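Asker: Encoded as structure tokens, here's the structure I'll be asking about.
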Amino acid sequence: MSSKKETESVEDSGLVQGIGSRLRTELERLSLKADYFSEIGKGYAKGTIYAWARGDNSPPAAFLSHAADAGMDVQFIITGKRASENQDVLAPSRHALTGPAPTPAHSEDTLYIPLLSATGSMGPGSEALAADVVMGDVPVSLVWVKRNLPRSRPEALRLVHAYGDSMRGTLESGDFALVDTDIHSVDIDGVYVLEAHQRLFIKRVRQRMDGKYEISSDNPAIKQIDILNGGHEVRICGMVVYGWNGRRF
């Protein structure tokens, strides 16, 4: 028969393993590497963080305080219950992203990104609307946005649905495209939302050595290239900076 002390030891071990597992979950949710806390001068070695995440032992309160500052849901790490479950962060009327979306840890970590009814076509083009029509707001982690998209102003981000096959491999039909609407010129090669002939397109754009712009698709099966020589009426609506499920640009 096991003694009371042995039983408590087994229970404590299970708690430590659970805390480690949930710490791993939070690191992955925020795309944080184990050496993040040493890089920002908090003095926690990468090996120490990995040991806590493996469940070798429990992280101290001081570390959990820094973890909260980094956007982690400390209540979840300790108890397994999300802080958002008590704060109605994800209201039933809100849209939600599927896959590895950066879910807010709590209300102060929540950025609501407008989801537009306009769709970006990765094929023949979708009809452009006279004005942006917001279908709803999608909650994402503000800490995650600032860390992963440091060059984007959070208030300028918009979500659109991408449809078609021409960008397959980069964006799949039905994916969400996170668009930085502050960007209206092609300063770097990338994937952009374009308006031409009153239709919206999602295409890759790069500048050639002769100064002209090359618009292309990423799907090699239907590779299509157009060259802009200045005579085309094309408006850049924004640059795609992230695509769900979890493909960074």
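The values are calculated or read from the model by the stated rules, or taken from the named source; none is laboratory data. Predicted, not measured: the structure shown is a model, and the values here were computed from it. FYI the Cβ positions are ideal-geometry reconstructions off the backbone, even for glycines, and counts take in every protein chain you see. These area figures cover heavy atoms from the full protein model, side chains too; ligands, DNA and RNA do not enter into them. Shrake-Rupley method; radii C 1.70, N 1.55, O 1.52, S 1.80 Å.
Asker: Can you confirm whether segment 89-108 contains a residue that is at pLDDT 80 or above, over 30 Å from residue 203 (Cβ atoms) and either open to solvent by 50 Å² or more (accessible area, probe 1.4 Å) or acidic (Asp, Glu) (or both)?
Answerer: Within segment 89-108, one or more residues are at pLDDT 80 or above, over 30 Å from residue 203 (Cβ atoms) and either open to solvent by 50 Å² or more (accessible area, probe 1.4 Å) or acidic (Asp, Glu) (or both).
Asker: Continuing with the same structure: Would you check if residue 57 is at pLDDT 80 or above and open to solvent by 20 Å² or more (accessible area, probe 1.4 Å)? Don't jump to the end; show me each part of the working.
Answerer: On the way: at pLDDT 80 or above: yes; open to solvent by 20 Å² or more (accessible area, probe 1.4 Å): yes.
Criteria met by residue 57.
Asker: Given the structure, is residue 132 of a type in the set (Asp, Glu) and either at pLDDT 80 or above or farther than 23 Å from residue 198 by Cα (or both)?
Answerer: Working: of a type in the set (Asp, Glu): yes; either at pLDDT 80 or above or farther than 23 Å from residue 198 by Cα (or both): no.
Spelling it out, it is not the case that residue 132 is of a type in the set (Asp, Glu) and either at pLDDT 80 or above or farther than 23 Å from residue 198 by Cα (or both).
Asker: Here is a further query. Does residue 30 satisfy the criteria of being modelled with pLDDT of 85 or more, open to solvent by less than 50 Å² (accessible area, probe 1.4 Å) and within 25 Å of the chain's Cα centre (by Cα)? Show your work before the answer.
Answerer: Numbers: modelled with pLDDT of 85 or more: no; open to solvent by less than 50 Å² (accessible area, probe 1.4 Å): yes; within 25 Å of the chain's Cα centre (by Cα): yes.
In short, no.
Asker: I'm trying to understand the selection: among the residues of segment 138-178, which are in a strand (DSSP E or B) and in contact with a Leu (Cβ under 7 Å, 6 or more places away or on another chain)? Spell out the reasoning first.
Answerer: First, the residues of segment 138-178 that are in a strand (DSSP E or B): 138-141, 157-163, 176-178.
Correct list: 138, 139, 140, 141, 157, 158, 159, 160, 162, 176, 177, 178.
Asker: Among the residues of segment 158-184, count how many are open to solvent by less than 10 Å² (accessible area, probe 1.4 Å), more than 13 Å from the chain's Cα centre (by Cα) and among the aliphatic types (A, V, I, L, M).
Answerer: If we filter segment 158-184 for residues that are open to solvent by less than 10 Å² (accessible area, probe 1.4 Å), which is where we start, we get 159, 162, 166-167, 171, 177-180.
Filter once more, so that each one left must be more than 13 Å from the chain's Cα centre (by Cα): 162, 166-167, 171.
Now narrow it down to the ones that are among the aliphatic types (A, V, I, L, M): 162, 167, 171.
Total satisfying the criteria: 3.
Asker: Need pairs with beta-carbon distance below 7 Å; first residue basic (Lys, Arg) and within segment 17-29, second outside any helix (DSSP H, G or I); sequence gap 6+ or separate chains.
Answerer: 22/80; 29/102; 29/103
Asker: Oh, and also: Hey, could you check segment 214-233 for residues that are outside any loop (DSSP other than H, G, I, E, B) and farther than 30 Å from residue 146 by Cα and say which is modelled with the highest pLDDT? Walk me through how you get there before you give the answer.
Answerer: Narrowing segment 214-233 to residues outside any loop (DSSP other than H, G, I, E, B): 214-216, 220-222, 225-228.
Next, from what is left, pick out any that are farther than 30 Å from residue 146 by Cα: 214, 220-222, 225-228.
Values: 214: 86, 220: 79, 221: 79, 222: 73, 225: 63, 226: 67, 227: 64, 228: 56.
Here the answer is 214.
Asker: Still on this structure, please answer the following. Which pairs do you get when a residue that is on the phi < 0 side of the Ramachandran plot, found in segment 206-218, comes within reach of a residue that is hydroxyl-bearing (Ser, Thr, Tyr) and surrounded by 10 or more Cβ atoms within 10 Å (Cβ to Cβ), reach meaning Cβ atoms under 6 angstrom, with the pair 6+ apart or on two chains?
Answerer: 207/213; 217/166; 218/170
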